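**Q** Mind looking over this structure? Questions follow.
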Number of protein chains: 2
Amino acid sequence: MDAQLKALAEPRRRKILELVRDQELPAGEIARRFAVTRPAISQHLTVLREAGLLIERREGTKRLYRADPAGLLGLKRFVDRFWMTGLERLKLEAETEAARGERKDQA
Amino acid sequence: MDAQLKALAEPRRRKILELVRDQELPAGEIARRFAVTRPAISQHLTVLREAGLLIERREGTKRLYRADPAGLLGLKRFVDRFWMTGLERLKLEAETEAARGERKDQA
DNA sequence: GGCTTATGTTAGATGTCGCTAACGTAAGCG
DNA sequence: CGCTTACGTTAGCGACATCTAACATAAGCC
């Protein structure tokens, strides 16, 4: 979850993520919509991808990107935990603990 | 929401926030639980407070801190938006727009 | 193989972050 | 007022992040 929050802490990366939330776009098309150089966007895409927030799909020379909602799962749990108290939170923690055996990492 | 994400991107600040999620604690007591100097914690507390994630209450020379769940509202909306599609998202955006007039800032 | 298109990677400059050490402030007590 | 306790604030340093410019890779076309 650390990588995900660090990735989202950058405003431009949030914009990129929102841009590919509903549509799949090539890197160049994404870069074209911002006022920075293409390499800068490429680096942002790398950060987002390594944080598990982006899905990359290659097609010829193009690389198409799309947001991966599953990547925000850990963050969602963290945030949701602040709207709960007592028993409700205990219940969630039990479920999280139970699901831990099924996942490799990505805490 | 930018300040909130930047604040949460630091692991130690998340630990602090979880520490005062259910209980109200004085700054010194919080600092005592970490392996860094007191000023460092004080700075973290300032960042969290300015991000609207902490509530400060003074009592004599002591300053008591407690997590403010409302501070995570913007982030919660952002995250939730990635689990929705189409009409459901449109509905939320309409509600957000309607509520905008009632709040001062804290986007 | 050459040329173009699409993209990633690296080097280096600048900015920002988190830490410690030293100093400042403010409340309570005698 | 002087002393103590509890915190915040500032200066300065080392580490890391973001940007641009230049170079590298890889697919498709002729």
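The values are calculated or read from the model by the stated rules, or taken from the named source; none is laboratory data. Please read these numbers as outputs of a predicted model, since none were measured by experiment. All Cβ positions, even for glycine, are placed from backbone atoms using ideal geometry, and neighbour counts span all protein chains on display.
Residues are listed down the side, and each one gets a yes or a no for (1) surrounded by fewer than 18 Cβ atoms within 10 Å (Cβ to Cβ); (2) at pLDDT below 95; (3) not hydroxyl-bearing (Ser, Thr, Tyr):
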residue	(1), (2), (3)
B:Leu8	no, no, yes
B:Thr37	yes, no, no
B:Ser42	yes, no, no
B:Ile55	yes, no, yes
B:Thr61	yes, yes, no
B:Gly71	no, yes, yes
B:Ala94	yes, yes, yes
B:Gly101	yes, yes, yes
B:Asp105	yes, yes, yes
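**Q** Hey, another quick one. If we scan region A:19-27, do we find a residue that is within 9 Å of chain B (Cβ to nearest Cβ) and within 18 Å of the chain's Cα centre (by Cα)? Can you show your working first?
**A** Just the residues of region A:19-27 that are within 9 Å of chain B (Cβ to nearest Cβ), to begin with: A:21-22.
Of the ones still in play, those that are also within 18 Å of the chain's Cα centre (by Cα) are A:21-22.
Yes.
**Q** Quick one: in region B:73-92, of everything that is among the basic types (Lys, Arg) and modelled with pLDDT under 90, which residue is farthest from A:Arg21 (Cα to Cα)?
**A** Start the filter on region B:73-92 by keeping residues that are among the basic types (Lys, Arg), which leaves B:76-77, B:81, B:89, B:91.
Remaining after also requiring modelled with pLDDT under 90: B:81, B:89, B:91.
Details: B:Arg81: 9, B:Arg89: 12, B:Lys91: 17 Å.
Looking at the filtered set, the residue picked out is B:Lys91.
**Q** List every residue pair whose Cβ atoms sit under 9 Å apart, with the two residues 6 or more apart in sequence or on different chains, where the first one lies in region B:19-34 and is within 12 Å of DNA strand D (Cβ to nearest atom) and the second, anywhere, is acidic (Asp, Glu).
**A** Between residues of region B:19-34 that are within 12 Å of DNA strand D (Cβ to nearest atom) and residues that are acidic (Asp, Glu), the close pairs are B:Pro26/B:Glu59.
**Q** Right, next: Given the residues A:Ala7, A:Ala40, A:Ala3, A:Ala51, which is the only one that is more than 12 Å from chain B (Cβ to nearest Cβ), within 13 Å of DNA strand D (Cβ to nearest atom) and out of contact with any His (no Cβ under 7 Å at 6 or more places or on another chain)?
**A** On the way: A:Ala7 fails: more than 12 Å from chain B (Cβ to nearest Cβ); A:Ala3 fails: more than 12 Å from chain B (Cβ to nearest Cβ); A:Ala51 fails: more than 12 Å from chain B (Cβ to nearest Cβ).
Result of the check over A:Ala7, A:Ala40, A:Ala3, A:Ala51: A:Ala40.
**Q** Related question: If you scan region A:21-44, which residues turn out to be away from DNA strand C (no atom under 12 Å from the Cβ) and under 19 Å from A:Leu75 (Cβ atoms)?
**A** A:Arg21
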